[in-house]
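Just so it is clear, none of the values below were taken in a lab; they were calculated from the coordinates. Quick caveat, the model's predicted, so the values are computed rather than measured. A quick note on method: Cβ atoms are made from the backbone with ideal geometry, for glycine too, and the neighbour counts reach across all protein chains shown.
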Amino acid sequence: MFSLLSCHDNPSTLSMDNITRSLHTFLVRVGLNPTTISPQMEHYLEHLLYLLPPEEEEAVTHYYGLFGSQRLSLQEIAAELALSQEDAMVRIDQCVRKLAVTPEWQMMKQTLKK
């Protein structure tokens with residue numbers, strides 16, 4: 001089973017910039033407690049993830065356990081992507097970075113501050 005701490009203890013999060021870290025923190029929070037965001041924000045999050053190719057969207061969704069999906073271990077996600085665990089983590093990190101710099105996430109972040 002996927003450790004709830006692995007998202008937080010991931011060594012790659014130590015090197016994340018602040019923009020990426022803010023999205024990562026948001027995704028961890030929503031994955032652990034989906035009721036912390038409004039239905040409108042959940043809708044925005046769905047649209048944000050649609051910016052990724054389907055395979056990457058699914059990997060991110062399962063890594064964080066979003067939208068009621070089962071949280072999968074990095075090993076399980078790596079197997080689905082036919083990658084090593086390290087390469088799967090790099091890919092997930094790249095996805096989060098890609099999303100973190102979008103205008104969509106910036107708008108969501110401003111909405112969350114209100």
- Query: Taking LYS109 as the anchor, which aspartates and glutamates have their alpha carbon closer than 17 Å to its alpha carbon, excluding any fewer than eight residues away along the same chain?
  - Reply: ASP17, GLU42, GLU46
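For LEU51, what is the net charge nearby, where nearby means another residue's Cβ is under 14 Å from its Cβ and Lys, Arg count +1, Asp, Glu -1? Let's see the in-between values first.
Numbers: positive: ARG97, LYS98; negative: GLU46, GLU55, GLU56, GLU57, GLU58, GLU104.
Cβ neighbours under 14 Å give a net charge of -4.
In debye, nearest 20, what is the charge dipole magnitude of the range 15-95 about its Cα centre with +1 on Lys and Arg Cβ and -1 on Asp and Glu Cβ, if you could check?
On the way: 4 positive and 12 negative charges, 75 e Å.
For this selection, approximately 360 debye.
For the chain, what does -39500 (n - 2.57) per DSSP helix run (n ≥ 4), summed and divided by total residues, give at 222 nm, in deg cm²/dmol to the nearest 500?
Details: 8 runs with 80 residues, N = 114.
My calculation for the chain gives -20500 deg cm²/dmol from helical runs alone.
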- Ranked output for segments 69-78, 30-39, 54-63 by mean other Cβ atoms within 10 Å, highest leading, reads 54-63, 69-78, 30-39
- Message: Between [x] 39, 27, 26; [y] 63, 22, 15; [z] 43, 27, 21, which entry matches Cα extents along the principal axes in Å as derived from the coordinates of this structure?
- Response: [x]
